[in-house]
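Novice: Structure provided below as structure tokens; questions to follow.
Values quoted throughout were computed directly from the atomic coordinates according to the rules given, and no laboratory measurement underlies them. In this text the structure is predicted, and so the values were computed from the model without any measurement. So basically every Cβ, Gly included, is an ideal-geometry build from the backbone, and we count neighbours across all protein chains shown.
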Amino acid sequence: MWLPRLSRNRVLVAVSIVPILYWRKQLQELFEPYSRFALSALVCGHIALDYKLNLLNYDHSDFYRIRSIIHQRSADDLLWLCQRHGGIMIKAGQHVASLNHILPREFTDTMSILQDQAPARPYSDVEQIFDEDLGQLPSEYFSEFDKVPIASASLAQVHRAVTKDGTEVAVKVQYPRLHALFRGDLRTLATLTRWLFRIFPDYDLQWLVKDMKANLLKELDFEQEGRRAERSARNFRNKPSLHIPFIYWDLTTPRILTMEFVRGCKINDAETIQAMGFDTKQVAQSFTELFAEMIYCFGYVHCDPHPGNVFVRAHPTQQGKHQLVLLDHGLYRELDEEFRSTYALLWKALVSHDTRQIHKLCGKLGISSEHVKYIPIILTQQQLGSRMKLGAKWTEERRSSVLGELRDTPLKIYSDFFSSLPKDLLLVLRTHDLLRSINRDLGGTGAARLQTMFHYAIRGTYRTPKEHETAERHFSIWQRFHMFFYFLILRIQIWVVESLPLQWFIKE
């Protein structure tokens, strides 16, 4: 039967649309990396143009106010982009939030929202992962499974559930297609940071992408995360102030992690901690001790100790005592043994104001002589050669002088400094910054925090590679006496340096 031309066209259109609708999902997945790149390039190009057009004249009187406004709206654009793309882009945003030693505060404060407020995915995504990894839906393994997540992060979200035998657990489920988007998103980030460097030579963040590439594959394997959690638990099995949730291996796959459910409040929630009857300063002390021991004694460091990953709860067996709960063991860094011992000695030199030894040890760590002056400011908030007491507050005059000098330093110098640092040192500096921030939120003093770091740095110098792999380390009576005597001599040395007039140390 012959069809009119109009009807024939309709048939042809219908025949064409049917396979397109059928293959729509496949086509979306095929072109998704390109659309993500295009949107990212568009947003970042808009930000770059905003800076170029509005900050050409550096002489107007309200330059700093205008720059702050542009910083904030650019940060808001980046936050929107990361939330829209999700996954690896949120992880990149979290890295940006941690770069408060390089980037403007407007960026780090805005992007810090991503630390524990990442957008959640629908429950259908959870069912998809269970079906692909375990062959059945969550209802086949759990008598209860909350469809609304209790937490969502960059790579996964956590649901409360109850197993068939009545055990309450937390189930961490990875988002779909992260592996499929991994290469495309990394290429996008590499391209954008390369363009950023060409447009703004003072900001070279290409090293950040290389670091992310090396770490992300580790974070995407939840079975490895479970093993890292168990290793850390073994390290601290004799530390009652710390608890690490144990793993249910029969309900764990590379994309599903089932662990003990633990209730508590975030470590920076001082009001709730006080309501629980605990001294926030003691909690801050426990937190500092935990990471000081990780860095100086074990050399096995949790890489993301932001408040959402550290809870505080009442100790289950010791009445009136608090206990820290360490979560999210997706990424650890095993410090090089030479770095660990050298860094411990550097802290001794910093605390005892030994400028010559500071230069020597910084050289061993790969820090150039022109950048050594930044290390005391970052770690102890003291200038190189200063003899201020450990943790003493700066006078307003000194603060203005130092901040003015740092503000006038070209951004390229800071960028070159941080990009040249060994990765171990970069991680440790970031950890110190997080410790400082949480210590401040809990009302802890800088002096107490620095003295704790110093104490564990000295203990770390007595550890050998084999000894710091296990928590079973018992110092002999002679070693304890030697450590006490060493501390005593250092205390006297520090008192002398900080108390006597500067002229006593100047050779004619």
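Novice: Got a sec? How would ASP165, ASP433 order by Cβ neighbour count within 10 Å, fewest to most? Could you put the intermediate results ahead of the total?
Specialist: On the way: ASP165 6, ASP433 16.
The fewest-first ordering by Cβ neighbours comes to ASP165, ASP433.
Novice: Separate question: With the crude spin-label approximation of a point 7 Å out along Cα→Cβ, what separation in nm comes out for GLU32 versus PHE261?
Specialist: With each label point 7 Å from Cα toward Cβ, the separation is 3.0 nm.
Novice: At R0 = 25 Å, how high is the FRET efficiency between LYS373 and GLN282 if r is their beta carbon distance? Nearest 0.05 is fine.
Specialist: Details: r = 35 Å, r/R0 = 1.39.
According to the calculation, E is roughly 0.10.
Novice: Additional query: Provide VAL171, VAL301 in ascending order of the number of other Cβ atoms located within 10 Å of each residue's Cβ, fewest first. List each step's numbers first, then the result.
Specialist: Values: VAL171 28, VAL301 20.
With the fewest neighbours first, VAL171, VAL301 line up as VAL301, VAL171.
Novice: Between GLN319 and ASP433, take the C-beta separation as r, use R0 = 45 Å, and let me know the FRET efficiency to the nearest 0.05.
Specialist: Working: r = 35 Å, r/R0 = 0.77.
After rounding, the FRET efficiency stands at 0.85.
Novice: Hey, another quick one. Determine, for LEU114, LEU192, the number of other Cβ atoms within 10 Å of each Cβ, and report the residues in order from fewest to most.
Specialist: Listing LEU114, LEU192 from fewest to most nearby Cβ atoms yields LEU192, LEU114.
Novice: Further, regarding this structure: Sketch the reach of a paramagnetic label on ARG73 as a point 7 Å from Cα along Cα-to-Cβ, and name the residues of segment 93-134 whose backbone nitrogen lies under 13 Å away.
Specialist: The answer is none.
Novice: Relative contact order (percent) for segment 266-345, with alpha-carbon contacts under 8 angstrom and 6 or more residues of separation?
Specialist: Working: 85 pairs, mean separation 26.3, N = 80.
Relative contact order comes out at 33 percent.
Novice: For TYR203 and LYS239, calculate 0.36 nm times their separation in residues minus their Cα-Cα distance, and state this gained length in nm to one decimal. Could the numbers behind the result be given before it?
Specialist: Details: separation 36, 0.36 × 36 = 12.96 nm, distance 4.22 nm.
Full extension of this stretch gives 8.7 nm more.
Novice: In addition: Would you work out which of ILE88, GLY166, TYR141 lies farthest towards the positive end of the dipole of segment 58-177, given +1 charges on the beta-carbon of Lys and Arg and -1 on that of Asp and Glu, about the Cα centre?
Specialist: ILE88
Novice: What FRET efficiency do you get for ASN54 and ASP109 if R0 is 30 Å and r is their Cβ-Cβ distance, rounded to the nearest 0.05? Could the numbers behind the result be given before it?
Specialist: Details: r = 21 Å, r/R0 = 0.69.
Computed FRET efficiency for ASN54 and ASP109 comes out at 0.90.
Novice: Would you please classify the overall shape of segment 239-304 from the alpha carbon gyration tensor, given that a ≥ b ≥ c denote the square roots of the eigenvalues, rounded means a/c under 1.5, and beyond that prolate means a/b larger than b/c while oblate covers the rest?
Specialist: Details: a/c = 2.66, a/b = 1.37, b/c = 1.95.
Judged from the Cα gyration tensor, segment 239-304 comes out oblate (a/c at least 1.5, b/c at or above a/b).
Novice: Assigning unit charges at the beta carbon (Lys, Arg +1; Asp, Glu -1) and nothing else, what dipole magnitude in debye, to the nearest 20, does segment 240-338 show about its Cα centre?
Specialist: Numbers: 7 positive and 13 negative charges, 101 e Å.
Computed charge dipole of segment 240-338: roughly 480 debye.
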